[in-house]
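Working notes for the structure below.
The values are calculated or read from the model by the stated rules, or taken from the named source; none is laboratory data. Bear in mind the structure is a predicted one, so any value in this text is a computation, not a measurement. Neighbour counts run over all protein chains shown; Cβ positions are idealised from the backbone, glycine included. The accessibility values were calculated without ligands, DNA or RNA, using every heavy atom of the protein model including side chains. Shrake-Rupley method; radii C 1.70, N 1.55, O 1.52, S 1.80 Å.
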Amino acid sequence: MKAFVFTLVLGYYLNLGVIGNKYSRTVNEPKKDSGDDRSVDFRIAKLNQVWEKALRLQLAPVKQAELHSDLKIQEKDELHWKKLKAEGVDEDGEKEAKLRRNFNVILTKYGLDGKKDTRNLESNFLKDHDNRDTDMFEDPRLDKLWSKAKTSGKFSEEELQSLNREFQHHKDKVQEYNIVMETVSRTEDVFKNVISPSEMEIKEHVLHEKHSELKEKLRNINQGFERLRKISHHGFDVDSEFKEPRVAELWDMAKEGNFTDDELESFKEELRHFETKVEKHKHYQEQLELSHQKLKHVEALGDKEHMVRNKEKYTKLAEKTREMGYKMKKHMQDLTSRLAREALQHNEL
């Protein structure tokens, strides 16, 4: 009888253990893929698939870190949207559509959309600054401006690198605009099949939102190109408030907003802190490139002891660069959203 009772009690506690494990950290933490020592980085399956594809294609280390940061922001936005959807907030589906556009932008930006597979993939062997200077921007106007800037003698090597980043940033904005425009065109084709007048009214509202987004992006692109044209012809303004392209762009947007003098001064101070964050992130990116080059050199020599040590250092540096990239891009997202809301309020007045 005692043995029977002991068996029942033991079974009871074993069952508790199984039930407890269902909700334990061990069960709910991301698992490692079988046959692979890489952990699951994202809680959304499609984002993990994109990340794994990027690793297979061996994107350059800095590109990998940038992609990881972008996917983390996408993950945060999608999880937030799922919560809003459960509360019935996104009835017209516009927030969901915007998330899809953002996801497509990421795929296209890093050549993971399947359309660039026939092109030469960017390998983990990093380009030096001389090779990077010869990159084309897929826009004859930008290529012409860049060629003029390089041969003008008005820029130091450091200023040319900064200008190159500004050109790349502008190229990314144009690419994003084209993706959104393509999405809007497809949506308009679908809307032609609408039957219900009430449904048409809702969908016209959605289209209006999309067109407003496109109009704002195009205005921003035109302003950015004019800024690049001015810098390419005359050099950097020594009296300019900010040197980092993205920060200078935010400051230009703020000056056109409906801020009071005190609010503008406060925003300028916040941008100074943000610029420090951007510069620190850039420093870590450069260190990551150097660390990768050193790791490849040690691997070529076959020095296992140094290889392990350099691998650990590289891995930690990559993780730190990803973390800083996420924080920097999230801050950028918050600042841009604030300026967009301010511009909207200004237009409604």
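Heavy-atom accessible surface of ARG272, to the nearest 10 Å², is about 90 Å², with a 1.4 Å probe and all protein chains retained.
Calculate what fraction, in whole %, of the accessible area of the stretch 40-79 sits on carbon and sulfur atoms when a 1.4 Å probe is rolled over the protein chains. Let's see the in-between values first.
Details: 730 of 1560 Å².
Carbon and sulfur: 46 percent of the exposed surface of the stretch 40-79.
For LYS217, neighbours were defined as the other residues whose beta-carbon sits under 9 Å from its Cβ, and their charges (Lys and Arg +1, Asp and Glu -1) total 0. For the stretch 160-165, backbone phi angles converted through the Karplus equation (6.51, -1.76, 1.60; θ = phi - 60°) give residue-by-residue couplings of 5, 5, 5, 5, 4, 4 Hz, Gly and Pro being listed as x. Once the whole set of protein chains is in place, how much accessible area is left on TYR326, using a 1.4 Å probe, in Å² to the nearest 10? Only protein atoms counted, so the area is about 60 Å².
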